[in-house]
Amino acid sequence: MTFARYTERTAFERPLTSGVAYAVRVLHSEREQFEKHQGWTIKRMDTLEKNPVHKDDYNPDLFEPSPIQEEYAPVIFAQDIISHVISIDLLSGKEDRENVLRARKSGKGVLTAPFPLLKTNRLGVILTFAVYKRDLPSNATPNERIQATNGYLGGVFDVESLVEKLLQQLASKQKILVNVLDTTNQSYPVSMYGSNASDDGLELVSHLNFGDPFRKHEMRCRFKQKPPWPWLAITTSIGILVIALLVGHIFHATVNRIAKVEDDCHKMMELKKQAEAADVAKSQFLATVSHEIRTPMNGVLGMLHMLMDTDLDVTQLDYVRTAQASGKALVALINEVLDQAKIESGKLELEEVQFDLRAVLDDVLSLFSGKAQDKGVELAVFISDRVPEMLIGDPGRFRQIITNLMGNSIKFTEKGHIHVTVHLVEEVIDSIEVETEFSSNNTLSGFPVADRRQSWKGFRTFSQEGSIHPFSDSINIIVSVEDTGEGIPIEAQSRVFTPFMQVGPSISRTHGGTGIGLSISKCLVNLMKGEIGFVSIPKIGSTFTFTAVFTSGSSSSKEYKSQQINNQTNSVSSEFRGKRALVVDPRSVRAKVSRYHIQRLGIHVEVVSDWKQGLSSISRGSSAFNMVLIEQEVWDQDLNGSAHFIDNLEKIAITTPKVFLLSNSISSSRANTTTSGVCNLTVIPKPLRASMLAASLQRAMGDGNKGNPRNGEVPSLSLRNLLLGRKILIVDDNNVNLKVAAGALRKYGADVVSASRGMEAIELLTPPHRFDACFMDIQMPEMDGYVSRVAFRTSLYNSDSEIEFEATRRIRDSEQNINDRIHFGELSVETYNNISNWHVPILAMTADVIQATHEACLRCGMDGYVSKPFEAEQLYREVSRFFH
């Protein structure tokens, strides 16, 4: 398309050419791959010469394929006016093959013999030039020119049209007859223009030079009627001479223009190479930034983690946790910047794993629960029952979107609530129940909110007719994050999703941030085949809504990982299944959220709006309520009513239920448990989530299981069993990281030996040795004067390069050499500890977050990959493959 557009726009510089085309040189060994890449078969030219067709009936698929030969010259680029020649092999013609081969040997323009042009069937010629891969000296040999040939550039000339245009400028066609002949073969001249009828009148013969000394051309002019007067003959001769000079000048200009086009092609190729080199440089810069910034941060986080395992008082532990939280925030910021860079380069990909959507949102709630309680902001999540339990997609990236949106809401909301809802798109379209009316009585906290329906107003999903996704296992969900914060100023709303743009400088100073969270979220939503939008009213709040397409996970074939996530919730649900609960809450939206979380435990829930309805439900119930959950707002607004309700509860209830207080702020309830004369009220802190709610109910109702190990103890115990007594070599040029890694492994009982250079590792791991495994940093600064870091990064982004990680390569070569010599009996197996097949597991350690790192480590001879600092679960997953 670029070639066609360029030649069409510059056609005015070649007024007498019918078009320009480019044919590429293809060897027979490359033909099959070439045709597969182009999507068409190389066609035979002489078939076209023998069987000219009308232009409206032209069909290139009917022409015969080019016969088998050593090489081909199929046309791949052509000006639009002659685009029908694409796929035609110039070397399959009879005379054209000789001329094309002569052009590349000589390095000069070569003219073909006259032949009927395709479609028009008028006689024409082609001026052909060879295009070389590089600049050649003027004294280059023919063989050197052949080897350097890349393709052929040709200009097509319609001789009849060319001569007619010139004659119209210089003379009248009724007075003078002109014949143009190709006299290369003197015995059989070929008429290129004019009539063959003889005339006894005077005739002027002129030789024409078209730039190819091999071809001979003549122009014969004569008067059509009586011989002209002598002065007219002189004028005519001068005119013909001018025509000949003009034709020669046109051909000369055409040759120069084609040479300029060839130079422009070379410049375009150079610019393309520079752009590709810039892209590689950017990727290498990302790898450097990832490692060089994260490496010291991981050292800090690792040492803080080790410090937390020592004996600290409460104040010291608080300081360490604060420092660790700040370090993690910085790493998260670095990851955001790198995510944005990966999105721009198109290297961000999504996983396809099974996950529990409700568990993901519970994790996000836990992340922000502390900040929400400190501010007194109510935080809640509601997921429709129609949303499947298990989905297949990328839970990490989905969590990242929710975290970005909720993080912004927490940051800019000082009062009211933040409400996250998840529904199927079909529900929003078909049911009015999930639509939010602009009313303070129909919100989570009673504060007015921005109408969420405006946030999805422009979504294409809602304008489609019929089924949104034709595949039965496709699940299209819609997620809304509603807050009662500051809102976004009208003038700033147009740049909300622009990277590194914030509402204003005061926002950056007050709340911090880089301004790329929403930009990344939008890109992730697009990757999930969804859309994102928002509505915001200053001083009222904002609502962000996005859609995402997942695949329904089959509950009958759950993966081990998803089973592990739901293990605890399922066991807790069985303990409460069949129990009944009464919720006292006048706000329907808030009561709906409470019902959702309590029902997740298998408890039957009934909701009432005041004390009177609550007592009525308890008194008339055929079965007893096991628990009563009262909203903090209801309790505080009517203390007399609260006391009356508690006093009458024991009188009318069959079995006195446990009473709980749902509180948004621990400080507002004065303690974890508040006493009201008659009954103890156990406070359940918000936001509600299944695990926390189940734990609170278990403790209050005497069902608490205190014997369960804390999070992380199981993998830690398993790691100790695997690593106890194992001799492990750690190789890292950074002393801090070396201490962190060694300390982490010694924590699990390993016998650790440290090395700071690659040469030390090679010496220590040369058989025979006693090491069970090696953890090696993949970016060592030097290896016997060899800069392996540069080689690694270059190969990481250039798939054509072989990864040259020197230390690992030498260790593997040494092991292979000894194994081969033991196998052929050259070495005694007893000398090598009775091991006939030496292969020490080498695990890569890196702080890189580039996606290609893992595959690159495996390609360079390593056996696995662990990130720094060590995480117990990942470390266990890797070492368990080698130790049993």
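The values are calculated or read from the model by the stated rules, or taken from the named source; none is laboratory data. This is a predicted model, so every value here is computed, not measured. As a convention, Cβ positions derive from the backbone with ideal geometry for all residues, glycine included, and neighbour counts pool all protein chains shown. Only protein heavy atoms, including side chains, enter the accessible area calculation; ligands, DNA and RNA are left aside. Shrake-Rupley method; radii C 1.70, N 1.55, O 1.52, S 1.80 Å.
Would you confirm whether any residue within region 463-473 is in a helix (DSSP H, G or I) and either modelled with pLDDT of 85 or more or loosely packed, with under 15 Cβ neighbours inside 10 Å (or both)? Give the steps one after another, and end with the answer.
First pass over region 463-473, keeping only residues in a helix (DSSP H, G or I): 463.
Okay, now just the ones that are also either modelled with pLDDT of 85 or more or loosely packed, with under 15 Cβ neighbours inside 10 Å (or both), so 463.
There is at least one residue in region 463-473 that is in a helix (DSSP H, G or I) and either modelled with pLDDT of 85 or more or loosely packed, with under 15 Cβ neighbours inside 10 Å (or both).
Please enumerate the residues belonging to region 335-377 that are touching a Gly at 6+ places or on another chain (Cβ under 8 Å) and at pLDDT 75 or above. Don't jump to the end; show me each part of the working.
Taking region 335-377 first, the residues touching a Gly at 6+ places or on another chain (Cβ under 8 Å) are 336, 350-355, 368, 377.
350, 351, 352, 353, 354, 355, 368, 377, listed by residue number.
If residue 257 satisfies every condition in (1) touching a helix residue (DSSP H, G or I) at 6+ places or on another chain (Cβ under 8 Å); (2) surrounded by fewer than 18 Cβ atoms within 10 Å (Cβ to Cβ); (3) of a type outside the set (Val, Ile, Thr); (4) closer than 30 Å to residue 741 by Cβ but one, which is the exception?
(4)
Please verify whether residue 18 is at pLDDT below 90, under 20 Å from residue 1 (Cα atoms), of a type in the set (Ser, Thr, Tyr) and in contact with an Asp or Glu (Cβ under 9 Å, 6 or more places away or on another chain), treating the condition exactly as stated.
Criteria met by residue 18.
In region 376-395, which residues are among the small types (Gly, Ala, Ser) and open to solvent by less than 20 Å² (accessible area, probe 1.4 Å)? Working first, answer last.
Quick first cut of region 376-395, residues among the small types (Gly, Ala, Ser) only: 376, 380, 384, 393.
Residues satisfying the conditions are 380, 384, 393.
Taking the stated definitions as given, is residue 348 over 27 Å from the mean Cα position of the chain (by Cα) and either touching a residue at least 60 places away in the same chain (Cβ under 8 Å) or open to solvent by 60 Å² or more (accessible area, probe 1.4 Å) (or both)?
no
Report those helices (runs of 4 or more DSSP H) wholly inside region 90-195 carrying at least 3 residues which are modelled with pLDDT of 80 or more and not hydrophobic (A, V, I, L, M, F, W, C). Give the steps one after another, and end with the answer.
On the way: elements: 94-106, 142-148, 159-170.
Hits in region 90-195: 94-106, 142-148.
Go through 21, 4 for me and flag whichever is open to solvent by less than 50 Å² (accessible area, probe 1.4 Å) and part of a strand (DSSP E or B).
21
Return the only residue of 78, 140 being aliphatic (A, V, I, L, M) and surrounded by fewer than 21 Cβ atoms within 10 Å (Cβ to Cβ).
140
Considering region 622-644 alone, what residues qualify as being in a strand (DSSP E or B) and without any contact (Cβ under 8 Å) to a residue 60 or more places away in the chain?
Those that are in a strand (DSSP E or B) and without any contact (Cβ under 8 Å) to a residue 60 or more places away in the chain: 628, 629, 630, 631.
Among the residues of region 749-776, which ones are crowded, with 19+ Cβ neighbours inside 10 Å and in a helix (DSSP H, G or I)?
Within region 749-776, 758, 761, 762 qualify.
Would you confirm, using the coordinates I've provided, whether residue 619 is assigned to a helix (DSSP H, G or I) and at pLDDT below 85?
Yes: the conditions hold for residue 619.
Scan region 290-310 and tell me whether some residue there is β-branched (Val, Ile, Thr), modelled with pLDDT of 75 or more, open to solvent by 80 Å² or more (accessible area, probe 1.4 Å) and not assigned by the TED database to the domain that holds residue 743.
No: region 290-310 contains no residue that is β-branched (Val, Ile, Thr), modelled with pLDDT of 75 or more, open to solvent by 80 Å² or more (accessible area, probe 1.4 Å) and not assigned by the TED database to the domain that holds residue 743.
Which condition from (1) under 18 Å from residue 150 (Cβ atoms); (2) open to solvent by 10 Å² or more (accessible area, probe 1.4 Å) is the one that residue 103 breaks?
Exception for residue 103: condition (2).
Can you find a residue in region 594-602 that is under 22 Å from residue 443 (Cα atoms) and at pLDDT below 90?
Looking for residues that are under 22 Å from residue 443 (Cα atoms) and at pLDDT below 90, one finds none in region 594-602, hence no.
Has region 779-796 got at least one residue that is open to solvent by less than 30 Å² (accessible area, probe 1.4 Å), touching a strand residue (DSSP E or B) at 6+ places or on another chain (Cβ under 8 Å) and at pLDDT below 70?
Yes, region 779-796 contains a residue that is open to solvent by less than 30 Å² (accessible area, probe 1.4 Å), touching a strand residue (DSSP E or B) at 6+ places or on another chain (Cβ under 8 Å) and at pLDDT below 70.
Can you tell me which residue in region 442-462 is most open to solvent (accessible area, probe 1.4 Å), limited to those that are farther than 26 Å from residue 526 by Cβ and part of a loop (DSSP other than H, G, I, E, B)?
Selected residue: 447.
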